[in-house]
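All remarks here apply to the structure that follows.
The values are calculated or read from the model by the stated rules, or taken from the named source; none is laboratory data. All figures in this text were calculated on a predicted structure; none of them were measured in a lab. Note that we place each Cβ from the backbone using ideal geometry, even for glycine, and neighbour counts take in every protein chain shown.
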């Protein structure tokens, strides 16, 4: 086991993540920490940093180093971004900090910054084609990706901190301020890659504090029942509406807006104006908010160093495999049962066409994650872990259905568990989750009844029954599996008949 520390010395905030990498390849975040430094606002007219900036940065990194000592961090990956790139004394600034704290710090260029953010987002969001936008304090990085690989990108010199100061957006926007910002952004785009936004109708992934703050604000106003920012969908029109609302307020008014934090009140209008400009130019079908960005990208570059490109091809599969390792699940058994669940699900016709079969397999593989909390209440704990934990590659609705299926304990409990999240579900989703849960539970019970030797299943769907025949023997019959017969009949409208190939010969 080893632990790595990722430090992002950003233009507004300095952030730390400590990730544990286990010997079996499982990994999890152990600690995170942040501090506001606002380097982009601490550059003098001659381009040098104010003397106090390095002193405060050293204090922050010493705090980070203390956390690293507590967690036995063996390797550090620390980077500095736009503000340090732009300062004429940037190299001397990071050299002084590095000597004081004993951590090597790299000043990464705009392309490296954008690429790390892209890697962090794509390893946790299953988008094939689209854009990422990372609005920092001193720059905005925009990347176009196709088939989960970067194809082009631009780096604009305006971020939330320097745009707020330059265009007077800390308080209420003055007449012409937004038009002036738009002109500056359009000009910068023309100089770099004016055709980057030539493919409308894709998804735009928002990275960074502005995107997360807007997601939290929208979530609060919608009374969104799931406490999640990652993979949150923001309507593009809402980003533009937030710009119009926030730029019309002064700092005190923004600080009092429920759902916003006071320490970002003077920067959020500028960040939102930048975000809205990207939305207007990209014309996305949806804006997807990412909770993962540069620090996560630094981690995946370390973790997937032996890959040609440090990006998972299948985000859901990578996430499931990681959870299997973290919870000590027997991988062979998990995949064997997933195969049984998938066979049952795909044989049942209409129900199978309303959800992706990999979600049923995922629920089957992860049904036992709750045993790490309490074996005797494992279903309830599994549902909670999968609803709240780091499960990637699914949207919020799919996450709820998967969690409900993995934690299935009966139709009434499934309905009660899903009830608080009704706003995220579509018509028929309760019944869909029940059907998924029955198939997952049935697969587990068939595997247990056959001592793991069910073999390939033969399924025959008749008007009044579903006959499931195992190729392997069941020494003591199918009492456990057959106990689901009542739930099965109510859900699928057919009786459940179980047997072995030998018993039907």
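Scanning the range 362-377 for residues that are in a helix (DSSP H, G or I) and over 25 Å from residue 315 (Cα atoms) yields 375, 376, 377. Once the range 56-88 is narrowed to residues that are in a strand (DSSP E or B) and in contact with a helix residue (DSSP H, G or I) (Cβ under 6 Å, 6 or more places away or on another chain), the residue that is surrounded by the most Cβ atoms within 10 Å (Cβ to Cβ) is 80.
Each row is one residue, and each column tells you yes or no for (1) out of contact with any strand residue (DSSP E or B) (no Cβ under 8 Å at 6 or more places or on another chain); (2) outside any loop (DSSP other than H, G, I, E, B).
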site	(1), (2)
431	yes, yes
435	yes, yes
438	yes, yes
441	yes, yes
445	yes, yes
451	yes, no
460	no, yes
466	no, yes
469	no, yes
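Just to be sure I understand, how many residues within the range 116-158 are part of a strand (DSSP E or B) and either touching a strand residue (DSSP E or B) at 6+ places or on another chain (Cβ under 7 Å) or modelled with pLDDT under 95 (or both)? Lay out the reasoning, then the answer.
Step one: list which residues in the range 116-158 are part of a strand (DSSP E or B), which gives 130-135, 140-146, 149-156.
In the following step, the residues that additionally are either touching a strand residue (DSSP E or B) at 6+ places or on another chain (Cβ under 7 Å) or modelled with pLDDT under 95 (or both) were identified as 130-134, 140-145, 150-156.
Here the count works out to 18.
Are any residues in the range 240-265 within 17 Å of residue 177 (Cα to Cα), in contact (Cβ under 8 Å) with a residue 60 or more places away in the chain and surrounded by fewer than 21 Cβ atoms within 10 Å (Cβ to Cβ), and if so, which ones? Correct list: 248, 249, 250, 251. Of the residues contained in the range 197-214, one or more are found to be over 28 Å from residue 40 (Cα atoms), outside any helix (DSSP H, G or I) and without any contact (Cβ under 8 Å) to a residue 40 or more places away in the chain.
Residue check, residue 38 against (1) surrounded by 17 or more Cβ atoms within 10 Å (Cβ to Cβ); (2) at pLDDT 95 or above; (3) touching a helix residue (DSSP H, G or I) at 6+ places or on another chain (Cβ under 7 Å), all met but one. Which one? So residue 38 meets the others, but not (2). Criterion first (over 30 Å from residue 393 (Cβ atoms) and touching a residue at least 40 places away in the same chain (Cβ under 8 Å)) does residue 131 satisfy it? No. Counting only residues that are under 12 Å from residue 209 (Cα atoms) and out of contact with any strand residue (DSSP E or B) (no Cβ under 7 Å at 6 or more places or on another chain), the range 271-290 holds 1 of them. Here the condition is being buried (at least 17 other Cβ atoms within 10 Å of the Cβ) and in contact with a strand residue (DSSP E or B) (Cβ under 7 Å, 6 or more places away or on another chain); of 295, 336, it holds for 295 alone.
Against the conditions (1) over 15 Å from the mean Cα position of the chain (by Cα); (2) closer than 27 Å to residue 138 by Cα, residue 222 satisfies every one except (2).
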